[in-house]
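**Student:** I have a structure here, written as structure tokens, and I will follow up with some questions on it.
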Amino acid sequence: MADASTSAKGDLKLANVTKSFGEFTAVDDLSLVIPEGSFFALLGPSGCGKTTTLRMIAGLEVPTAGTIHVGNTDITDMRPYKRPVNTVFQNYALFPHLSIFENVAFGLRRRGIKDVKEQVDKVLNLVELPHLAERKPTQLSGGQQQRIAVARAIVNRPALLLLDEPLGALDLKLRRQMQIELKWIQTEVGLTFVHVTHDQEEAMTMADTIAVMNEGRIEQMGSPADLYDNPKTAFVANFLGQSNLIQGKIVDSDGDSHVVDLYGQKVSVLKRRTVAKDSSVLFGIRPEKLRIQPDSHDKPGNVLTGGKISDVSYIGVSTQYQVEMPWGQEIMVFEQNDDGVPPLDKGDEVRLSWEPIFSFALDGNEDATAGVDVEPEAE
Amino acid sequence: MNATVASPVKKPRSRKIAMPYLLLLPGMLWLITFFLIPILTLVKTSVNMDLANYDPTTGATGSFWGNFWYAFRTHEAPFARSFIYALAATLIALCIAYPLAYGIAFKAGRWKNVLLVLVVAPFFTSFILRTIAWKQILGQQGPVFRLLLDLHLVTYQSHITASAGAVIAGLSYNFLPFMTLPLYSSLERIDPRTLEASGDLYANAFTTFRKVTLPLSLPGVVAGTLLTFIPAAGDYVNAEILGNPSTTMIGNVINAQFLRTSNYTLAAALSFVFMVIIIAIVLFYISRAGTEELV
């Protein structure tokens, strides 16, 4: 065929892509390479530009500036129906007037493929719903519709499969199950998946690489573990999991560590885990890395003393504490309930300690609350 | 079962059963008074006398089939004209209303409500007045005639009013809102994402229209064509004002028989035959369109 729907293969490259709607810049000078065969997630809060980015790749929006390539083929201005790209839409967008079989066969028929029946049966088997071929979409449950939406897209073997909040409409249990299934399908068919979501757990479970987006830009890109362990900005630290960020000052350097002053108490952080422009830093530590003891205990490593428990929630596998520090900040601590010691009480005086390698330091001029209270998805 | 236990359970239940009937009552009364009783009267009137062999001395009543057959046979031309004009008007209205409804549903943005009000705006003036206005529009001083004159398609001696074309034009115009509104409501219900999905699955704009938009809007097409065709076929105002004696529709004949000639028997028989034909056409159309298949 003459169009690119079957020929273009290779990495997806976005170069300096910008999309403005009037005064509002939805996507701002975004450059990105998504390697062929990877499961890539665009993660961010509502309005961060992730869906606009996806729609530009699908051809449903035209970039204001910049180019999009698949392999060596420029698809920036290509019509959606000519692109080697298929989309799993939010709320699935199945054709209500067609049977499940015809829904899945739609793309094949448009391209004049010969063995439609064979290919549709194969992909319906892959999503384990061959017995529903003659049903109408409205007769299917949400989870089944979701799988048909995936089947309808992957049957065309596109160079790229785009998933727009594909699990947003499912309940928690089904969502977990579909996360595992989608990952399995991706491994099975070996296509490049680009997944847009605001759900950090969903992104972390499925994606090889995550790009965290905020206000039209990529904040940070990397593997789930890398993003979680080495956040480079306060937004990433707060948006992926939870972080305690404490304002501090680098007062000394010693070998491979910085010594940081936090309201008069000295702690340390590895130099390679420090992102700072000057001596002012946001000192970061994840709640589950903290240990909490009565204030009389002595523990090696980094210690902050003078805390007072202001809230305790016991949730079975762990206990979550809010600890009020002498400078007024609330620090969150997650303790595994694996030592048989009864949880501490509200009002107890405590000290917090941690292994120095777990802490990180960000640029102190950043807003420590960035990404904490981002709005949940509007839709 | 113990009666004392059953009674408190039974009472609200029987009330629950009675409720829908109670709600139906006003409508039912209305239908009985203004539809069922007149229809029965109409049927009775239609056999008041024997139409084929009228003899005022005996006052013999006619048979159903004899009178209906007579009414039909003697007025084949107005019957045929009614259905042909109505069909033509329905098709023209569909061709105009579909793009209009499509535009309002998908492209109008914040002007949607304004445009919908404009669609029904003609209802603010009288049906008769609007039809008379069409006479002016199509008349020799009107813009349509002027344009055709400039294009050398007509001469000063010819006219476009008082013709079948003018009647059809009037019918198409007068029933356009009845076509537009159901079309709009079924188009508006289409999830725009299904159209995007079609484009995403290699269908160009035309194929998307043919394979997705049109089938999904079929319930609106069926409703709109019925709402246009039925009243258009029974209309007599357009033929009266915009037509000539050879464009008489069945509505005009019935009107004349009831109000001028006072041949109530013939008028009633014609009305009944017309009703039967309309019902037959509608049933055939709905069974062919297969509305249940659409949802």
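**Student:** Distance check, please: which entries in A:Lys82/B:Lys107; A:Lys232/A:Lys271; A:Lys50/A:Lys232; A:Lys249/A:Lys271 exceed 18 angstrom between their Cα atoms?
**Tutor:** Details: A:Lys82/B:Lys107 24 Å; A:Lys232/A:Lys271 13 Å; A:Lys50/A:Lys232 20 Å; A:Lys249/A:Lys271 14 Å.
In this structure, A:Lys82/B:Lys107; A:Lys50/A:Lys232 exceed 18 Å between Cα atoms.
**Student:** Where does the protein assembly as shown land on the Kirkwood hydrodynamic radius, alpha-carbon pairs, in angstrom?
**Tutor:** Numbers: mean 1/r = 0.0312 Å⁻¹.
The answer is 32.1 Å.
**Student:** If you stretched the chain out fully between B:Val43 and B:Gln140, how much longer would it get, using 0.36 nm times the residue separation minus the C-alpha to C-alpha distance? Working shown, then result.
**Tutor:** Values: separation 97, 0.36 × 97 = 34.92 nm, distance 4.46 nm.
30.5 nm is the gain from fully extending B:Val43 to B:Gln140.
**Student:** Mind listing the Cα extents of region A:83-138 along all three principal axes, in Å, largest one first?
**Tutor:** Rounded to whole Å, the extents work out to 27, 24, 21 Å.
**Student:** Here's another thing I want to ask about it. Net charge near A:Pro231: determine it from the other residues with C-beta under 10 Å of the C-beta of A:Pro231, scoring Lys and Arg +1 and Asp and Glu -1.
**Tutor:** Numbers: positive: A:Lys232, A:Arg273, A:Arg286; negative: A:Glu219, A:Asp226, A:Asp229.
Counting the neighbours of A:Pro231, the net charge comes to 0.
**Student:** For A:Thr67, B:Thr180, which order do you get if you count the other beta carbons within 10 Å of each Cβ and list the fewest first?
**Tutor:** Numbers: A:Thr67 14, B:Thr180 25.
Listing A:Thr67, B:Thr180 from fewest to most nearby Cβ atoms yields A:Thr67, B:Thr180.
**Student:** Another question about this same structure. If you keep only loop residues by DSSP, which chymotrypsin sites (Phe, Trp or Tyr not before Pro) in region A:239-318 have at most 16 other Cβ atoms within 10 Å of their Cβ? Display every interim value, and only then the final one.
**Tutor:** Details: sites: A:Phe239, A:Tyr263, A:Phe283, A:Tyr314; in loops: A:Tyr263.
Hits after loop and neighbour filter: A:Tyr263.
**Student:** While we're looking at this one, here's another question. Kindly state, as a whole number, the per residue volume in cubic angstrom of the convex hull around the alpha carbon atoms of region A:242-363. If you can, show how the numbers build up before the last one.
**Tutor:** Details: hull volume 12.6 nm³, N = 122.
In region A:242-363, the Cα convex hull volume per residue is 103 Å³.
**Student:** Give, as ranges by residue number, the residues of region B:136-159 whose backbone N falls under 13 Å from the point 7 Å along Cα→Cβ of B:Ile96.
**Tutor:** So the set is B:137-138.
**Student:** Something else about it: At q = 0.13, 0.27 Å⁻¹, what base-10 log of I(q)/I(0) does the Debye formula yield for region A:201-258 when every alpha carbon is treated as an equal point scatterer in vacuo?
**Tutor:** With no solvent term, the Cα-only Debye profile gives -0.42, -1.11.
**Student:** In addition: Using all C-alpha to C-alpha distances in chain A, build P(r) with 20 Å bins and read off the rounded percent in each one.
**Tutor:** Taking all Cα pairs of chain A, the binned fractions are 26, 46, 24, 4 percent.
**Student:** Give me the dipole magnitude in Debye, nearest 20, for chain A about the Cα centre, with unit charges on the beta carbon: positive for Lys and Arg, negative for Asp and Glu.
**Tutor:** On the way: 38 positive and 53 negative charges, 357 e Å.
So the dipole magnitude of chain A works out to roughly 1720 debye.
**Student:** Helix A:172-189 against the longest principal axis of chain A: what's the angle in degrees, Cα atoms only, rounded to the nearest 10?
**Tutor:** 60 degrees
**Student:** Write out the GluC sites (Glu not before Pro) in region A:4-64 meeting two conditions: DSSP loop, and at most 10 other Cβ atoms within 10 Å of their Cβ. If you can, show how the numbers build up before the last one.
**Tutor:** On the way: sites: A:Glu23, A:Glu36, A:Glu61; in loops: A:Glu23, A:Glu36, A:Glu61.
Here the GluC sites (Glu not before Pro) that fit, given the DSSP loop and packing criteria, are A:Glu23.
**Student:** Follow-up question, since we're still on this one. Given a Förster distance of 30 angstrom, what is the FRET efficiency for A:Val259 paired with A:Ser223, based on the Cβ-Cβ distance and rounded to 0.05? Spell out each step's value before the answer.
**Tutor:** Details: r = 30 Å, r/R0 = 1.00.
Efficiency for this residue pair is about 0.50.
**Student:** Something else now. Just the number, please: Stokes-Einstein D of region A:4-229 in µm²/s, Kirkwood Rh from C-alpha pairs, 4 °C, 1.567 mPa s. The partial results should precede the final answer.
**Tutor:** Details: Rh = 17.8 Å.
Answer, rounded: 73 µm²/s.
**Student:** Still on this structure, please answer the following. Treat the count of other C-beta atoms within 10 Å as a stand-in for reagent exposure and order B:Asp150, A:Asp226 from fewest to most. Before the final figure, lay out the partial values.
**Tutor:** Values: B:Asp150 9, A:Asp226 14.
Ranked by crowding around the Cβ, least crowded first: B:Asp150, A:Asp226.
**Student:** Which of the aspartates and glutamates could a cross-linker span from A:Lys183 if the Cα-Cα distance has to be under 14 Å and same-chain partners fewer than 8 positions apart are dropped?
**Tutor:** Result set, ordered by chain and number: A:Glu201, A:Glu202, A:Asp208.
**Student:** Calculate, axis by axis, the spread of Cα positions in region B:96-197 along the three principal axes, and write the results as whole Å, longest axis first.
**Tutor:** In descending order, the Cα extents are 56, 31, 23 Å.
**Student:** Kindly state, as a whole number, the per residue volume in cubic angstrom of the convex hull around the alpha carbon atoms of region B:1-140.
**Tutor:** Values: hull volume 46.2 nm³, N = 140.
Output value, Cα hull per residue: 330 Å³.
**Student:** I need the P(r) histogram for chain B: all alpha carbon pairs, bin width 10 Å from 0 out to the longest distance, whole percents.
**Tutor:** With a bin width of 10 Å, the distribution comes to 6, 19, 24, 23, 16, 8, 4, 1, 0, 0.
**Student:** Using the Kyte-Doolittle scale, find the helices of chain B whose mean hydropathy is at least -0.5 and whose Cα atoms extend 27 Å or more along the helix's long axis, counting only whole DSSP H runs.
**Tutor:** Details: long enough: B:3-31 (41 Å, 0.44); B:76-102 (38 Å, 1.28); B:214-234 (30 Å, 1.52); B:264-289 (37 Å, 2.17).
Once both thresholds are applied, what remains is B:3-31, B:76-102, B:214-234, B:264-289.
**Student:** Taking neighbour Cβ counts within 10 Å as the exposure measure, how do B:Thr228, B:Thr57 sort from fewest upward?
**Tutor:** Working: B:Thr228 29, B:Thr57 5.
By the 10 Å Cβ count, ascending, the order reads B:Thr57, B:Thr228.
Taken together, the values in this text are just the output of simple stated rules run on the coordinates, not laboratory data. This one's a predicted model, so the numbers in the text were calculated from it and none came from an experiment. Counting neighbours? That spans all protein chains shown, and the Cβs are built from the backbone with ideal geometry, glycine included.
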